[in-house]
Structure formats: structure tokens, C-alpha cells
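See structure below.
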């Protein structure tokens with residue numbers, strides 16, 4: 001299946017999301033799209049230009065503040081304030097580029113950080129304009145062509161349309177001859193300079209272009225929240241965008257989108273059930289960097305194309321998913337309703353992967369030299385896996401002082417673990433290299 005067909009199918013599925021989801025998930029998807037535009041703009045610098053920036057949130061925050069100030073102070077309509085905010089932020093990106101691109105590498109990183117911190121401090125201290133720590137309130141969403149964007153579904157479709165346009169424009173940018181020259185300045189700047197290319201100018205144009213799309217994400221951000229706070233300009237906001245690009249895969253079009261979804265799901269979804277979600281995000285980041293240093297998107301593609309070589313890792317990865325799905329089917333079969341079951345499902349999945357990484361994989365590597373890969377051993381190992389996961393979940397509940405969820409009778413849970421072990425055995429057998437013909 002070609003990449004275009006996959007993109008069209010994915011876009012149709014995303015467009016149909018409001019038809020099958022509640023308002024909470026629609027709003028969550030809107031935030032993911034906004035952050036995906038922001039991460040994709042960072043990817044222009046990091047992935048294609050080789051320029052790591054820790055100040056990209058400055059463009060998001062400045063565009064949001066300019067739009068909010070023009071609405072509150074000057075009473076400009078959105079059709080006028082939005083272009084002016086984009087123009088002002090893009091001009092600021094051009095000025096910042098003149099300063100930051102005097103250095104490369106670590107120097108460039110520190111200059112972008114310093115410039116963004118100046119703006120962050122200004123937003124906090126200039127109370128007469130920004131209202132300081134209180135932020136700017138009382139904003140309203142625009143009404144393009146009379147469409148009321150206060151409706152969650154309407155705003156999601158509006159955001160998705162802007163997001164698709166942004167990603168398409170950035171894809172055209174990197175696929176153009178200029179994009180090829182940009183990748184050349186990333187890989188061989190001295191050779192490109194010797195060939196007559198103006199390396200500094202290529203980087204500056206990319207810097208301004210990335211700042212423009214960062215400003216677009218800022219407008220979507222302030223339209224969604226109808227509020228803007230100095231934290232939007234903070235280092236943590238820039239770092240989350242950088243993390244999304246690295247986790248998803250820098251230098252690819254889909255990587256930042258996948259990374260943005262991971263960061264926003266952990267930040268806005270799992271944080272409701274996991275108090276220390278920052279720790280979980282760090283664990284996911286370390287996991288991706290260790291196993292897939294090229295990023296999640298390219299890493300999964302590598303695993304898929306070389307699935308025979310990585311069949312054991314793929315089989316271990318599938319086992320927790322099978323266990324969580326079987327548990328869901330069990331609850332559906334007995335007609336049992338669990339409050340917040342989606343969070344329980346995710347918790348089961350996370351604990352399953354923790355047991356897989358820290359218990360199952362080390363035991364497998366220890367015992368595989370002495371014991372054959374037999375279905376009975378895999379089923380028994382799956383049952384043992386279920387007992388360990390259940391013990392961990394109950395231990396976490398006691399340590400946190402929160403009541404645990406009754407997942408069902410112990411025999412049922414052991415049977416589900418055994419089924420996950422059987423799935424592991426079947427998958428690794430299915431991916432095993434074919435025996436040579438005599």
C-alpha cells in the first residue's frame with residue numbers, strides 16, 4: 001500500500017472521529033493536532049537542518065499574545081488580528097535568526113534558549129500589558145464563514161484542516177530543491193559552501209519558515225484555550241516539542257506527528273490517573289531512544305521490514321496488548337461496567353510492558369540456552385507473567401493509598417496471562433524463518 005493511500009485513509013479516519021467519539025476525546029484530538037503542527041515546525045530545524053532549538057515556544061507564545069492583545073485592547077476581528085499576529089511573529093523569527101545563526105551546535109541551542117527566556121520573563125513581568133501570572137482572559141474563538149467554533153466538533157475540523165495544510169506545506173518545502181539543499185547543509189555544510197551555496201542564508205530562511213508555522217500553532221493554541229499564560233513561552237513547552245520530534249523520528253514527516261500524539265496523550269490523558277506522568281514520559285523517551293534511536297516511526301518500520309530478525313521482540317511487544325484486549329473482552333462478556341475503564345486498560349498495558357521489559361525478557365535471555373521454545377513453557381510463563389503484573393498493580397495501589405480495581409477472579413487472570421503466552425508462541429513461530437527445502 002502506497003504512502004498516499006495510507007495518508008488518505010488516515011485523514012478520512014481522523015475526519016470521522018467526531019462522529020464516533022465524545023466531546024472529551026474530540027478536544028484531546030484537537031490538542032494533538034495543534035501540538036503536531038508545533039512539533040513539525042521544530043522538525044524543519046532539527047530533522048532537516050540539523051539545528052536543535054530550545055526556544056521554539058517563543059513563536060507559539062508571541063503569536064498567541066499578539067492575537068489576544070489585538071482582540072482585547074484594539075478589538076480587532078480574527079480576520080485582521082490573525083494575519084497581523086503571523087506577520088509580527090515571522091518578523092521576530094527573522095530578527096532572532098540573525099542572532100541565533102551566528103553560531104551552530106550547542107551555541108545555537110543556547111542562543112535560542114536565551115532569546116525565548118527573555119520573552120518568557122517579559123511576559124511575566126510586564127503586567128500592564130500581559131497581566132503577568134494571571135494571563136489574558138476573556139478571549140473568544142473566531143467564526144470563519146459564520147461557523148461557530150465553540151462547538152468541539154467544528155473546532156476540531158477547523159484545526160484538522162489547518163493542520164493538514166501546514167503538514168502538506170512543510171512536506172512540499174522539504175521535498176523541493178531548496179529542501180535538498182537544506183539537508184545538504186545539515187550533512188556537509190563545508191562541501192555545500194564550496195559548491196557555491198549560501199549555507200547561512202538557507203538556514204535563515206528555514207528558521208523564519210519554521211517560526212511562521214510555530215506562530216500558526218500559537219494561533220490555534222489560543223483559539224482552543226481562549227486564554228494565554230506566560231507558561232506558553234517557557235522552556236518546558238519547547239522541550240516537549242523537541243522531545244516529540246526526537247521520539248517520533250526527526251527528519252521524517254510522520255515522526256513529529258506520532259511523537260506529538262505520544263506527548264499529548266501522556267500529558268493530558270494519562271496524567272488523570274498517573275500523578276507522576278513526567279516520570280512516565282521520561283521512561284517512554286528512554287525506552288524509544290534505547291530500542292529505536294532513529295525514532296518510533298523509522299524504528300517500527302525497521303522492525304517490520306526485518307521482522308524475522310526481531311521476531312522475539314515483536315512477540316514480547318504483542319503479549320501485553322493481547323492480555324489487555326482479552327481482559328476487556330472478559331468484562332464485556334460478563335456485562336460488567338467499570339468506571340474509567342479506558343484508564344484501567346492503559347494501566348494494565350503499561351504494567352504489562354514493565355513486566356515484559358524488566359522480568360520476561362531477562363528470564364527469556366537467561367533460560368533460552370537451556371530450555372526449548374515449547375508452547376507449554378510459553379503458556380506457563382504467561383500465567384507467571386499475569387501473577388507478577390497483578391502483584392505490581394496491587395502494590396502500586398497500596399503505596400498510593402488509592403483503592404485498586406477488581407480485575408476479576410484469579411483463575412481468569414491467570415488464564416488471560418496463559419493466553420498471552422500462547423499468543424507470544426504463535427507469533428514468534430509465525431515470524432520464524434522458513435526451513436530450507438531439501
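The values are calculated or read from the model by the stated rules, or taken from the named source; none is laboratory data. Predicted model, so just to flag it, every value in this text is computed and none were measured. Neighbour counts run over all protein chains shown; Cβ positions are idealised from the backbone, glycine included.
Residue under question is residue 213, and the condition is that it be within 20 Å of the chain's Cα centre (by Cα), surrounded by 17 or more Cβ atoms within 10 Å (Cβ to Cβ) and under 30 Å from residue 18 (Cβ atoms); does it hold?
Yes; evaluated as a whole, the condition is true for this residue.
Does residue 88 fit the bill of being surrounded by fewer than 19 Cβ atoms within 10 Å (Cβ to Cβ) and at pLDDT 90 or above?
yes
Regarding region 39-47, can at least one residue be identified that is crowded, with 21+ Cβ neighbours inside 10 Å, modelled with pLDDT of 90 or more, closer than 16 Å to residue 221 by Cα and in contact with a strand residue (DSSP E or B) (Cβ under 8 Å, 6 or more places away or on another chain)?
Taking every residue of region 39-47 in turn, none turns out to be crowded, with 21+ Cβ neighbours inside 10 Å, modelled with pLDDT of 90 or more, closer than 16 Å to residue 221 by Cα and in contact with a strand residue (DSSP E or B) (Cβ under 8 Å, 6 or more places away or on another chain).
To keep it simple, each residue is scored yes or no on (1) closer than 30 Å to residue 21 by Cβ; (2) in contact with a strand residue (DSSP E or B) (Cβ under 9 Å, 6 or more places away or on another chain); (3) modelled with pLDDT of 70 or more.
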| residue | (1), (2), (3) |
| --- | --- |
| 323 | yes, no, yes |
| 349 | yes, no, yes |
| 355 | no, no, yes |
| 385 | no, no, yes |
| 402 | yes, no, no |
| 424 | no, no, yes |
| 436 | no, no, no |
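Taking interchain pairs and intrachain pairs at least six residues apart, which have beta carbon atoms under 9 angstrom, with the first residue in region 271-290 and over 14 Å from residue 249 (Cα atoms) and the second outside any helix (DSSP H, G or I) and modelled with pLDDT under 70?
Sorted first by the residue in region 271-290, then by its partner, the pairs are 272/340; 273/340; 280/274.
Tell me whether region 235-245 contains one or more residues that are in contact with a helix residue (DSSP H, G or I) (Cβ under 9 Å, 6 or more places away or on another chain), farther than 30 Å from residue 187 by Cα, assigned to a helix (DSSP H, G or I) and touching a residue at least 12 places away in the same chain (Cβ under 8 Å).
no
Read through the list (1) under 28 Å from the mean Cα position of the chain (by Cα); (2) surrounded by 13 or more Cβ atoms within 10 Å (Cβ to Cβ), then give the number of the only condition that residue 106 fails.
Only one criterion is unmet by residue 106, namely (2).
Mind checking which pairs have a first residue in region 111-135 that is on the phi > 0 side of the Ramachandran plot and a second that is surrounded by fewer than 17 Cβ atoms within 10 Å (Cβ to Cβ), Cβ under 9 Å, 6 or more apart or different chains?
Sorted first by the residue in region 111-135, then by its partner, the pairs are 131/137; 132/124; 132/125; 132/126; 135/227; 135/231.
For residue 70, which of the numbered conditions (1) touching a helix residue (DSSP H, G or I) at 6+ places or on another chain (Cβ under 7 Å); (2) over 22 Å from residue 212 (Cβ atoms); (3) without any contact (Cβ under 8 Å) to a residue 24 or more places away in the chain fails to hold?
All conditions are met except number (2).
Does at least one position in region 265-285 carry a residue that is touching a helix residue (DSSP H, G or I) at 6+ places or on another chain (Cβ under 7 Å), surrounded by 18 or more Cβ atoms within 10 Å (Cβ to Cβ) and modelled with pLDDT of 85 or more?
no
What number of residues within region 104-127 satisfy the criterion of being part of a loop (DSSP other than H, G, I, E, B) and at pLDDT 90 or above?
Residues that pass the stated criteria total 1.
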